[in-house]
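Take a look at the structure set out below.
The values are calculated or read from the model by the stated rules, or taken from the named source; none is laboratory data. No experiment lies behind these values; they were computed from the predicted model shown. Virtual Cβ from ideal backbone geometry, glycine too; neighbours counted across all protein chains shown.
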Amino acid sequence: MKEPDEKMRLVTIHLPNPVIRRLKELVDEGLFPNQSEAIRYAIITMLREINIEEKNAITKELIEELVTLRNAIAKLEQAIMKTRRR
């Protein structure tokens, strides 16, 4: 998860008791070696999802712009065809 030369910094957070209990359960179940790793994984996963959502939004905007351009090109082609028929 972390790069070999990447330095870690301490960040202090306050979490509700149910979240802390669930983190302990995940560690006890062997899914993570400790609570810090579980929290780190959750944050990195969330940041990746946000990044994907942002990319999807940009992609959607680009597709909408391409459709608009395609429609404009089609109208231009129709106008050119009309002028050639005259």
Go through (1) at pLDDT 90 or above; (2) surrounded by 10 or more Cβ atoms within 10 Å (Cβ to Cβ); (3) assigned to a helix (DSSP H, G or I) and name the single condition residue 31 misses.
(3)
Where residue 83 falls short, out of the listed (1) part of a helix (DSSP H, G or I); (2) surrounded by 10 or more Cβ atoms within 10 Å (Cβ to Cβ):
(2)
So which residues in the stretch 34-62 are among the charged types (D, E, K, R) and either closer than 19 Å to residue 9 by Cα or not in a helix (DSSP H, G or I) (or both), if there are any at all?
37, 40
Do we find a residue being part of a helix (DSSP H, G or I) and not aromatic (Phe, Trp, Tyr) anywhere in the stretch 4-11?
no
Looking at the stretch 52-70, which of its residues are polar (S, T, N, Q) and modelled with pLDDT of 90 or more?
59, 68
Of the residues 25, 49, which is at pLDDT below 95 and surrounded by 10 or more Cβ atoms within 10 Å (Cβ to Cβ)?
49
Go through (1) in contact with a Phe, Trp or Tyr (Cβ under 6 Å, 6 or more places away or on another chain); (2) hydrophobic (A, V, I, L, M, F, W, C); (3) modelled with pLDDT under 90 one by one and return the number of the condition residue 38 breaks.
(3)
